[in-house]
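Colleague: Before I ask anything, here is the structure I am working with.
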Amino acid sequence: MLSRRHLIAFSAASVLAPNVMSRVARAGAWPDRAVHLVVPIAAGGPTDTNARLVAEQLSKIWGQQVVVDNKSGAGTNIGNAFVAHSDPDGYTLLYGTSSMSANGALYRALDYNPEADFVPISLVAKFPFFMFVPNSSPAKTVKDFIDNANAHPGKLIMGSPGTGSGPHLAEEMFLDMAKIKMTHAPYRGAAPAFVDLIPGRIDCYFGSGELLTFSRSGQVRVLASTGAKRSPAAPEVPTITESGVPGYVVDSWQAVFAPAKTPPDVVRVVNSGVVKALNEPALVDKLAHTAYAAESSSPDELGKFLKADTAKWKAVITSTGLKID
């Protein structure tokens, strides 16, 4: 015979047990199948390369394959929206880029909310862009470049891998702060833009650190980096702030996100895996080789960082009047 007190306790436990067991099982069993890491950039570029390095480490840590899915287009919006509308079970994650900070202000309409539709997981890396010019350019310094642009307002051509891309926004911020005018030439990716930079068909290009191989081989000239301080990957290259545009700083970033409403237990497991992956010396070294500084974070830290970065780019986009339909 059970006493009334025992029956009440047993009934309460019966109500609570499914929730407790579900939470425990979810935390203990996840992942029990392949995890998809969506990259909103085309395959072959630095973002895709870095995502695959991270996915390789996470596959080892979790004992399940982490599959990289490239869903590129519309300034990362296709891939971002795909993850935003995916099941919030942790099996579809986003390898997000700094476009997450800008797209809300940049595009007149989005079918997702960059802040409300995602759960921040962890930063992966921060990195500067580098300002490249062709060898035929008269500019040997950023000041030379500004003087030349002022002498030919609107005639120099600024290439980018696409309207609204990270390099394009960094370039627009540079034009705004340096108070110069240039013509923007958007390309379908970094490769075709750089192909036109080498022979001087465009006059400058802001690109990431893997392109330093072209300046080191003498095919182009690098004038400066966009970071707050000189990059350890190229300590000989001054920052744009050092070079005559005080206060100019653009540090781009990559990070992991999950769809909103992903269970907190799963978020913790994913965050733990990303942090552990970024403590792997081989991964850190591979990222550093092309000026990517590995940097993990807590979900809360990433959320605060995204909020601040969004405010920064909203101000830049408002100042420049840049909008995309």
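The values are calculated or read from the model by the stated rules, or taken from the named source; none is laboratory data. None of the values given here were measured: they were computed from a predicted structure. Neighbour counts run over all protein chains shown; Cβ positions are idealised from the backbone, glycine included. The protein model used for the area step is the full one, side chains on, heavy atoms only, and it has no ligands, DNA or RNA in it. Shrake-Rupley method; radii C 1.70, N 1.55, O 1.52, S 1.80 Å.
Colleague: Ordered by residue, what ³J(HN,Hα) values in Hz, to whole numbers, does region 216-221 give under the Karplus form 6.51 cos²θ - 1.76 cosθ + 1.60, where θ = phi - 60° and Gly and Pro are x?
Modeller: Once rounded to whole Hz, the list reads 6, 8, x, 7, 9, 10.
Colleague: By accessible area of protein heavy atoms, probe 1.4 Å, what ranking do V66, V249 get, highest first? Can you show the working numbers first?
Modeller: Numbers: V66 15, V249 45 Å².
Putting V66, V249 in descending order of accessible area: V249, V66.
Colleague: So how do 273-285, 313-325 stack up, highest first, on mean other-Cβ count within 10 Å?
Modeller: For the peptides 273-285, 313-325, the packing ranking is 273-285, 313-325.
Colleague: Continuing with this model, one more query. With θ set to phi - 60° and the Karplus curve 6.51 cos²θ - 1.76 cosθ + 1.60, what are the ³J(HN,Hα) couplings of region 133-144 in order, to the nearest whole Hz, using x for Gly and Pro?
Modeller: Each residue's phi maps through the Karplus curve to give 10, x, 4, 6, 5, x, 7, 9, 9, 4, 4, 4 Hz.
Colleague: Above 21 Å lies some portion of the pair distances; for region 135-260, what is it as a whole percent of all C-alpha pairs? It would help to have the intermediate numbers written out before the result.
Modeller: Values: 2926 of 7875 pairs.
Tail of the P(r) past 21 Å holds 37 percent of the pairs.
Colleague: Cα to Cα, under 21 Å, and not fewer than 8 places away if on the same chain: which lysines meet these conditions relative to K323?
Modeller: K179, K181, K307, K312, K314
Colleague: For region 150-253, give the percent of accessible area contributed by carbon and sulfur heavy atoms, probe 1.4 Å, rounded to a whole number.
Modeller: On the way: 2540 of 4430 Å².
Carbon and sulfur together cover 57 percent of it.
Colleague: Report the relative contact order of the chain, percent, no decimals, based on alpha-carbon pairs under 8 angstrom and at least 6 residues apart. Can you show the working numbers first?
Modeller: On the way: 607 pairs, mean separation 83.4, N = 325.
This gives 26 percent for the chain.
Colleague: On to the next question. Quick one: which of 250-260, 49-59, 109-119 comes out on top by average Cβ neighbours within 10 Å, and what's the full order, highest first?
Modeller: Values: 250-260: 22.9, 49-59: 20.3, 109-119: 16.5.
Top of the packing list down: 250-260, 49-59, 109-119.
Colleague: Pop out the Kirkwood hydrodynamic radius of the chain from its pairwise C-alpha distances, inverse of mean 1/r, in Å to one decimal. Before the final figure, lay out each step's value.
Modeller: Numbers: mean 1/r = 0.0473 Å⁻¹.
In the chain this quantity evaluates to 21.1 Å.
Colleague: Leaving out ligands and nucleic acids, note down the accessible area per residue over region 48-107 with a 1.4 angstrom probe, in whole Å².
Modeller: For region 48-107, the per-residue accessible area is 34 Å².
Colleague: Placing +1 at every Lys and Arg Cβ and -1 at every Asp and Glu Cβ, with all other atoms neutral, what dipole size does region 133-285 have around its Cα centre, in debye to the nearest 20? Let's see the in-between values first.
Modeller: On the way: 14 positive and 14 negative charges, 26 e Å.
With Lys and Arg at +1 and Asp and Glu at -1, about 120 debye.
Colleague: Under the √(5λ) rule applied to the eigenvalues of the Cα gyration tensor, what semi-axes describe the equivalent ellipsoid of region 96-175? Give them in Å, descending.
Modeller: Values: eigenvalues 212, 47, 16 Å².
One finds semi-axes of 33, 15, 9 Å for region 96-175.
Colleague: Mind listing the long-range amide H neighbours of I202? Cut-off is under 5 Å, sequence gap 5 or more, other chains count too, H placed in the peptide plane at 1.01 Å from N.
Modeller: Placed amide hydrogens put L197 under 5 Å from I202.
Colleague: Please report the net charge: other residues with Cβ closer than 15 Å to the Cβ of A149, K and R +1, D and E -1.
Modeller: -1
Colleague: In whole angstrom, how far apart do the alpha carbon centroids of region 58-85 and region 96-130 sit?
Modeller: That distance is 14 Å.
Colleague: Then there is this: Using the heavy atoms of the protein chains and a 1.4 angstrom probe, tell me the accessible area per residue for region 198-293 in square angstrom.
Modeller: On the way: 4000 Å² over 96 residues.
Normalised by residue count, the accessible surface of region 198-293 is 42 Å².
Colleague: Relative to the longest principal Cα axis of the chain, at what angle does helix 264-277 sit, 0 to 90 degrees, rounded to 10?
Modeller: Around 50 degrees separate the two axes.
Colleague: Taking only Cα atoms, what is the 0 to 90° angle, nearest 10, from helix 166-178's long axis to the longest principal axis of the chain?
Modeller: Tilt relative to the chain: about 50 degrees.
Colleague: P(r) of region 224-325 in 10 Å steps, Cα pairs, percent per bin?
Modeller: 12, 31, 34, 19, 3
Colleague: Kindly write out, for region 196-207 in residue order, the coupling ³J(HN,Hα) from the Karplus curve 6.51 cos²θ - 1.76 cosθ + 1.60 (θ = phi - 60°), rounded to whole Hz, with x marking Gly and Pro.
Modeller: Working through the residues one at a time gives 7, 5, 4, x, x, 6, 10, 9, 6, 8, 9, x Hz.
Colleague: Helix 46-62 versus the longest principal axis of the chain: what is the Cα-based angle in degrees, 0 to 90, to the nearest 10?
Modeller: Helix 46-62 sits at roughly 20 degrees to that axis.
Colleague: Which far-off residues, 5 or more places away or on another chain, put their amide H under 5 Å from the one on V220, with H placed in the peptide plane?
Modeller: The answer is S215.
Colleague: Please list, ordered by chain and number, the residues whose modelled amide H lies under 5 Å from the amide H of L93; skip anything fewer than 5 residues away on the same chain.
Modeller: Distant-sequence amide H within range of L93: H36, L37, V38.
Colleague: With labels modelled as points extended 7 Å from the Cα through the Cβ direction, what inter-label distance (nm, one decimal) is found for K304 paired with H152?
Modeller: Rounded to a tenth, the inter-label distance reads 4.7 nm.
Colleague: Still on this model: Pop out the carbon and sulfur fraction of the accessible area of region 56-139 as a percent, whole number, probe 1.4 Å. Before the final figure, lay out each step's value.
Modeller: Numbers: 1420 of 2960 Å².
Accessible surface attributable to carbon and sulfur in region 56-139 totals 48 percent.
Colleague: Dipole size in debye (nearest 20) for the chain around its Cα centre, Lys and Arg Cβ +1, Asp and Glu Cβ -1? Let's see the in-between values first.
Modeller: Working: 30 positive and 28 negative charges, 88 e Å.
Using only the charged Cβ atoms, the result is roughly 420 debye.
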